[in-house]
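> Mind looking over this structure? Questions follow.
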There are 2 protein chains.
Amino acid sequence: MVLDLTASAADLTRALCDIPSVSGGEGPLADEIEAAIAAHEHLEVTRHGNTIVARTNLGRAQRVVIAGHIDTVPINGNVPTRDVDVDGAPHIRGRGTVDMKAGVAVQLKLAAELTAPAVDVTWMWYDNEEVEESKNGLFLLSAARPDLFAADFAILGEPSDGRVEGGCNGTLRAIVRTHGVRAHSARSWVGENAIHGAAPILARLAEYRAREIEVEGLRYREGLNAVAIRGGIAGNVIPDLCEVEVNYRFAPSKGVAEAQAHVRGAFEGFEVEFTDAAAGAKPGLDAPVAQQFLAAVGAEAHAKYGWTDVARFSAMGVPAVNYGPGDPHLAHHDEERVPLAQIDEVERGLRAWLSGS
Amino acid sequence: MVLDLTASAADLTRALCDIPSVSGGEGPLADEIEAAIAAHEHLEVTRHGNTIVARTNLGRAQRVVIAGHIDTVPINGNVPTRDVDVDGAPHIRGRGTVDMKAGVAVQLKLAAELTAPAVDVTWMWYDNEEVEESKNGLFLLSAARPDLFAADFAILGEPSDGRVEGGCNGTLRAIVRTHGVRAHSARSWVGENAIHGAAPILARLAEYRAREIEVEGLRYREGLNAVAIRGGIAGNVIPDLCEVEVNYRFAPSKGVAEAQAHVRGAFEGFEVEFTDAAAGAKPGLDAPVAQQFLAAVGAEAHAKYGWTDVARFSAMGVPAVNYGPGDPHLAHHDEERVPLAQIDEVERGLRAWLSGS
């Protein structure tokens, strides 16, 4: 089978979802996409692993990257897709419908259809977004072919409920530790209980009030949370170590160093070890091309909370937004489903802008 | 090799320790003990699994059980034993020296030597004390041959620093749980963090002041401690469950139901699930035979904190004490070592009492 890029975006969404492509198993779907897109002579196609890049070369004044990942989190009895009605509105239900094959379907359809867009477009469909960075197709492509990322603006088709979501929060993780002295629990007074010692850490987390920070007109809501806690050796031993893993989501106005200082301050008096960090992305919506895009799709911009690959573009100096069908709260959810109306809406918005109408 | 029960208790300790018998692997040592003890005609020997029982049948007015376990916790580079000096005093160092092969050595030596003790003696050497109850040799013997437990008094050779330790605290474990609502940590306000919800549990544990309770003249020190804490799903998920495992050590004047009520009260407002419990043992030192024993060994009685198999005898209506060489704080420790002087002291005490001198 070869994907029919003249089908409706809804049918294309069903077809893409029904070819399983859990992270690490994107090969067959990447083959389908490459075969379907290679049939179009207005596109210059490059493949890098399971990432497919298709570029127009029309000599336009501006170039835009439009990208989407083709992998999903594991299937849980929700493939193949089915059509369902929710509150009277038709939806496609199944793994990948929201995150983010409906977005990819719209992109593939417009890539094939728009032979002479108003801006040059670099389409990118990449693998392994749902797993560690070292496997991420966009990351690997940016290392191998940074030239392909030369652009004035980027749009990532991540689910945003059909809204334009600018930039994204940064994220860091840290381990906050307490130490004690091991002892037999029958003689607990000989030891010092590291789990009891973590009481103030949890109290500070419970009392913490996250801030809302305005960046370039968009309001970013932060969050500081324990995502794991562990301690304990055996049922009769006073534990000498307790670890609380915290995740801090911070506004894109802060750099990683500033965010780390904030976390250090929150847990003053405790050992803090930072385990990973990724800066956020400022919305970048003051660029003229971004303003044209907003006007064409007729959408108001909102802040994106979750960290997405827009931050990679931002780090390369390319303003980037998220714009795709589907409710991000349903991403990874077993009830994942996308409303047909949002697929149409995003398709119309992108077509209007790329057509220069 | 057959164990030489005419050797000194110190040499016998070395020999017993140098035959590894980590729980589950006691067979070879049980064989040695059975062969050595079977050579003595004043003893009626019964074997049950890897538990050896040897009884005198002299028609004495009173019968005493003297018992010890032959298994150890795992070896950690500390077998074979070596002779070491600590603060100028000679010790035998190695796994099992304290817990509790020195005690077993004294028992084996006296079992062989004392052909006509002043009381009838039921010697018991059993396996699997260091692991779950369902494997415990004394527990299995009590189920299969309760008749062998008919006695007026029992002495367990658990390490007690050469002192007599009466009874033992009870112990129970419980899981104290908090529930929340799972969410993506980028939108933490949509969820409810169960780890943050556990802050008051840790605060109550940190503030808890354990009591000292006098039972039959001995002071039992209690303890309420977290022995484990767990929570967390992934680095980007607000966790919906946190579990704190607590261990309550309670004085033998309390039954299990009363102890559970105390724990429920300490964590009022939280879900509490009890996972296991064992009542303590009252000292039982008012029995005449116990008083004779105390007088003969010339030791003052103290409270035992840790739960030991004396509670099994207590539950069967047999007053029981711990009396053995070795510092219980060094049990399971990689630096486990027993002073030769304590082996001698316990040997002299037991011999004096059993000889009726």
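> Just checking, how many residues over segment B:46-86 are in contact with a helix residue (DSSP H, G or I) (Cβ under 8 Å, 6 or more places away or on another chain), of a type outside the set (Val, Ile, Thr) and more than 12 Å from B:Pro20 (Cα to Cα)?
Residues meeting the conditions: 10.
> Between a first residue in segment A:247-267 that is within 11 Å of A:Gly170 (Cβ to Cβ) and a second residue that is crowded, with 16+ Cβ neighbours inside 10 Å and among the acidic types (Asp, Glu), which pairs have beta carbons less than 8 Å apart while being 6 or more apart in sequence or on different chains?
A:Tyr248/A:Glu222; A:Arg249/A:Glu222; A:Phe250/A:Glu222; A:Ala251/A:Glu222
> Given the criterion at negative phi and surrounded by 24 or more Cβ atoms within 10 Å (Cβ to Cβ), identify the matching residue among B:Leu108, B:Leu114.
It is B:Leu108.
> Would you say A:His332 is assigned to a strand (DSSP E or B) and within 14 Å of chain B (Cβ to nearest Cβ)?
No; evaluated as a whole, the condition is false for this residue.
> Right, next: In segment A:289-329, how many residues are crowded, with 21+ Cβ neighbours inside 10 Å, of a type in the set (D, E, K, R) and within 12 Å of chain B (Cβ to nearest Cβ)?
Residues meeting the conditions: 1.
> So, one more: Scan segment B:167-213 for residues that are at pLDDT 90 or above and closer than 30 Å to B:Gln62 by Cβ and jot them down.
B:Asn169, B:Gly170 - these are the residues of segment B:167-213 that are at pLDDT 90 or above and closer than 30 Å to B:Gln62 by Cβ.
> Pull up segment A:103-141, narrow it to residues that are modelled with pLDDT of 95 or more and among the hydroxyl-bearing types (Ser, Thr, Tyr), then point me to the one that is farthest from A:Ile52 (Cα to Cα).
Step by step, filter segment A:103-141, then rank; the result is A:Thr115.
> What's the total number of residues in segment A:309-356 that are farther than 28 Å from A:Gly94 by Cα and over 20 Å from the mean Cα position of the chain (by Cα)?
Summing the residues that are farther than 28 Å from A:Gly94 by Cα and over 20 Å from the mean Cα position of the chain (by Cα) in segment A:309-356 gives 5.
> Another question, if that's okay. Assuming B:Leu285 fulfils every condition listed in (1) in contact (Cβ under 8 Å) with a residue 40 or more places away in the chain; (2) within 30 Å of B:Glu245 (Cβ to Cβ); (3) outside any helix (DSSP H, G or I) apart from one, which condition is it?
(2)
> Next up: Out of the residues in segment A:140-152 that are small (Gly, Ala, Ser) and touching a residue at least 40 places away in the same chain (Cβ under 8 Å), which is surrounded by the most Cβ atoms within 10 Å (Cβ to Cβ)?
Applying the filter and picking the extreme gives A:Ala151.
> Pairs needed: first member in segment A:327-349, under 22 Å from A:Leu294 (Cβ atoms); second member anywhere, of a type in the set (Lys, Arg) and not in a loop (DSSP other than H, G, I, E, B); C-beta distance under 9 Å; at least 6 residues apart or different chains.
Correct list of pairs: A:Asp327/A:Arg337; A:Pro328/B:Arg187; A:Glu347/A:Lys109.
> While we're here: Kindly list, by first and then second residue, each pair from a residue in segment A:196-219 that is facing chain B (nearest Cβ under 9 Å) to a residue that is part of a helix (DSSP H, G or I) and of a type in the set (Phe, Trp, Tyr), limited to pairs with Cβ atoms under 9 Å and residues at least 6 apart or on different chains.
A:Ala210/B:Trp189
Here is a yes/no grid of residues against (1) under 29 Å from A:Asp152 (Cα atoms); (2) in contact with a His (Cβ under 9 Å, 6 or more places away or on another chain); (3) among the hydrophobic types (A, V, I, L, M, F, W, C):
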{"residue": "A:Leu3", "(1), (2), (3)": "no, no, yes"}
{"residue": "A:Cys17", "(1), (2), (3)": "no, no, yes"}
{"residue": "A:Gly25", "(1), (2), (3)": "no, no, no"}
{"residue": "A:Ala39", "(1), (2), (3)": "yes, no, yes"}
{"residue": "A:Thr56", "(1), (2), (3)": "yes, yes, no"}
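> Sticking with this one: Name the residues in segment B:324-348 that are at pLDDT below 95 and in contact with a Phe, Trp or Tyr (Cβ under 9 Å, 6 or more places away or on another chain), would you?
If the condition is that a residue be at pLDDT below 95 and in contact with a Phe, Trp or Tyr (Cβ under 9 Å, 6 or more places away or on another chain), then B:Pro328 is the only one that fits.
> Quick check on segment B:153-174. Is at least one of its residues in contact with a Cys (Cβ under 9 Å, 6 or more places away or on another chain), crowded, with 22+ Cβ neighbours inside 10 Å and under 20 Å from A:Asn236 (Cβ atoms)?
No: zero hits.
> Let me ask something else. Which numbered condition trips up A:Ile75, out of (1) of a type in the set (A, V, I, L, M); (2) farther than 18 Å from A:Glu335 by Cβ; (3) assigned to a loop (DSSP other than H, G, I, E, B)?
(2)
> Go over the candidates A:Gly170, A:Gly180, A:Gly137, A:Gly88 one by one and state the one that is more than 13 Å from every other protein chain (Cβ to nearest Cβ) and either basic (Lys, Arg) or touching a residue at least 60 places away in the same chain (Cβ under 8 Å) (or both).
Just a single option satisfies the conditions, and that option is A:Gly137.
> Scan segment A:52-68 residue by residue and report those that are assigned to a strand (DSSP E or B) and not hydrophobic (A, V, I, L, M, F, W, C).
A:Arg55, A:Arg63, A:Gly68
> If I filter segment B:19-30 for residues that are of a type in the set (A, V, I, L, M, F, W, C), surrounded by 15 or more Cβ atoms within 10 Å (Cβ to Cβ), assigned to a strand (DSSP E or B) and free of Cβ contacts under 8 Å to residues at least 40 places away in the same chain, do I get at least one hit?
no
> Quick one: B:Lys109 ticks every box in (1) more than 14 Å from chain A (Cβ to nearest Cβ); (2) in a loop (DSSP other than H, G, I, E, B) bar one, so which box is it?
Among (1) more than 14 Å from chain A (Cβ to nearest Cβ); (2) in a loop (DSSP other than H, G, I, E, B), the lone unmet condition for B:Lys109 is (2).
> With respect to B:Val272, is the statement that it is among the β-branched types (Val, Ile, Thr), out of contact with any Leu (no Cβ under 9 Å at 6 or more places or on another chain) and at pLDDT 95 or above true?
yes
> Filter segment A:222-257 down to residues that are facing chain B (nearest Cβ under 7 Å) and under 31 Å from the mean Cα position of the chain (by Cα), then give me how many there are.
10
> Within the group B:Ala54, B:Ala61, which residue is closer than 25 Å to B:Pro146 by Cβ and at pLDDT below 95?
B:Ala61
The values are calculated or read from the model by the stated rules, or taken from the named source; none is laboratory data. Just so we're clear, the structure is a prediction, and the values are computed from it rather than from any experiment. Note: ideal-geometry Cβ built from the backbone for every residue, glycine included; neighbour counts use all protein chains shown.
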